[in-house]
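Worksheet: the structure to be examined is printed underneath.
The numbers here are math on the coordinates, done by the rules we state, and not lab data. Predicted model, so just to flag it, every value in this text is computed and none were measured. A quick note on method: Cβ atoms are made from the backbone with ideal geometry, for glycine too, and the neighbour counts reach across all protein chains shown.
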Amino acid sequence: MNNLIKRAVFGSLYVVAILAALFLENKVLYLVLFSLLSFIAVYEYNVLSGSQRTRPLRTLLDAGAAVYLFVVSFMLIEGPASDLRLLAPYFFYLIYSFVRSIYSDRAEAPNSLARIVLGQVYIALPFVCANLSHLWLNVDGTPLLLLLVFVCIWVNDTGAFIVGSTLGKRPLFPSVSPKKSWEGFFGGLAFSIASAIILGIKLTPESASPVVYGILGAVISVASTWGDLFESMLKRNAGVKDSGRIIPGHGGVLDRIDSFLFALPAALFIYLLAH
């Protein structure tokens, strides 16, 4: 199976899995899929940052901590649990990690602490935002904002590829991602804005504001591009092409959700401001 077919097949399976988790109203499916994405993404981040080679157990614990925060935040937001003390193990683990880093290797402590904090802020917190979006911002059972973010990211990538491959001349960020162009960026931006407006009007015809959805589409496009570039910097620093090999033809989970990690928190912030 050549790489193009692999990308098409496994890319389609990824899209189907995401849409199933959003549309089937199955909380278990949503929790399992997003927990898996969170765990693997944190693991891959630790591999890119170099900590997995020297501290494999900590890598697994960091990934487990992110999943724990995701599941507990779901329980707290959705309602089965209301005791904030459920968050205590997560923060105790962070404190333990900080103290251990300081005393186990003082020379590397600042870098180690930075990796721990960045890994949780970069990956774990956006998945908490996913819970907020999934449980609070529902329209007739459809998690509107989550769906909007995923669709705009996919459309943005498609638009950027089409316009960039046909008209692209001026590099967007050559030192990090040489193939990206300004023409592709603006092409993706236009596609994202249009898709956000169309989807918003389709799902909320009575209350949809084309201006608000257009702004959301623009924010998602810009933030997703930053997310892609940020992960490209991590990979370039690590000297690798992909964050992993778990998705044939696409690389790792982090390669698939890098845009999502930046776009969802930004879109959630704008959405809450507008409403």
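Could you let me know the centre-to-centre spacing of the stretch 196-275 and the stretch 95-154, using Cα atoms, in angstrom?
That distance is 14 Å.
Taking the Cβ of Glu183 as the centre, find all other residues whose Cβ is under 14 Å away and add up their charges (Lys, Arg: +1; Asp, Glu: -1).
Numbers: positive: Lys169, Arg170, Lys179, Lys180; negative: none.
Value of the local net charge: +4.
Quick check: pseudo-label points 7 Å beyond the Cα along Cα→Cβ at Tyr103 and Lys169, how many nm apart are they?
Computed distance between label sites Tyr103 and Lys169 equals 6.3 nm.
Please arrange Cys152, Cys129 by how many other C-beta atoms lie within 10 Å of their C-beta, fewest to most.
Numbers: Cys152 30, Cys129 21.
If I rank by nearby Cβ atoms, fewest first, I get Cys129, Cys152.
What's the exposure ranking of Asp258, Asp140, Asp83, going from fewest to most Cβ atoms within 10 Å?
Values: Asp258 26, Asp140 7, Asp83 10.
Ranked by crowding around the Cβ, least crowded first: Asp140, Asp83, Asp258.
Give the order of Ile162, Ile116, Ile215, Ile123 when sorted by the count of other beta carbons within 10 angstrom, beginning with the fewest.
Values: Ile162 14, Ile116 22, Ile215 19, Ile123 27.
Lowest to highest Cβ neighbour count: Ile162, Ile215, Ile116, Ile123.
Please work out whether the chain counts as rounded, prolate or oblate from its C-alpha gyration tensor, where a ≥ b ≥ c are the square roots of the eigenvalues and a/c under 1.5 means rounded, while otherwise a/b larger than b/c means prolate and anything else oblate? Walk me through the intermediate numbers first.
Numbers: a/c = 1.80, a/b = 1.19, b/c = 1.51.
Verdict is oblate for the chain.
If the label point is 7 Å along Cα→Cβ of Leu4, which residues in the stretch 235-252 have backbone nitrogen under 17 Å from it?
It comes to 249-250, nothing else.
Run the numbers for Leu19 and Phe230: contour at 0.36 nm per residue of separation, minus the present Cα-Cα distance, in nm. Spell out each step's value before the answer.
Values: separation 211, 0.36 × 211 = 75.96 nm, distance 2.56 nm.
So the extension gain works out to 73.4 nm.
Just Ala190, Ala114, Ala63 to compare: in a GNM of the chain, with alpha carbon springs under 10 Å, which one fluctuates most?
Residue with maximal mean-square fluctuation among Ala190, Ala114, Ala63: Ala114.
Ranked highest first by average number of other Cβ atoms within 10 Å, how do 172-184, 31-43 line up? Walk me through the numbers on the way to the answer.
On the way: 172-184: 16.8, 31-43: 21.2.
Output ranking for 172-184, 31-43: 31-43, 172-184.
Roughly speaking, what is the stretch gain from Arg85 to Lys179, that is 0.36 nm per residue apart minus the C-alpha to C-alpha distance, in nm to one decimal?
Numbers: separation 94, 0.36 × 94 = 33.84 nm, distance 4.72 nm.
Difference between extended and current length: 29.1 nm.
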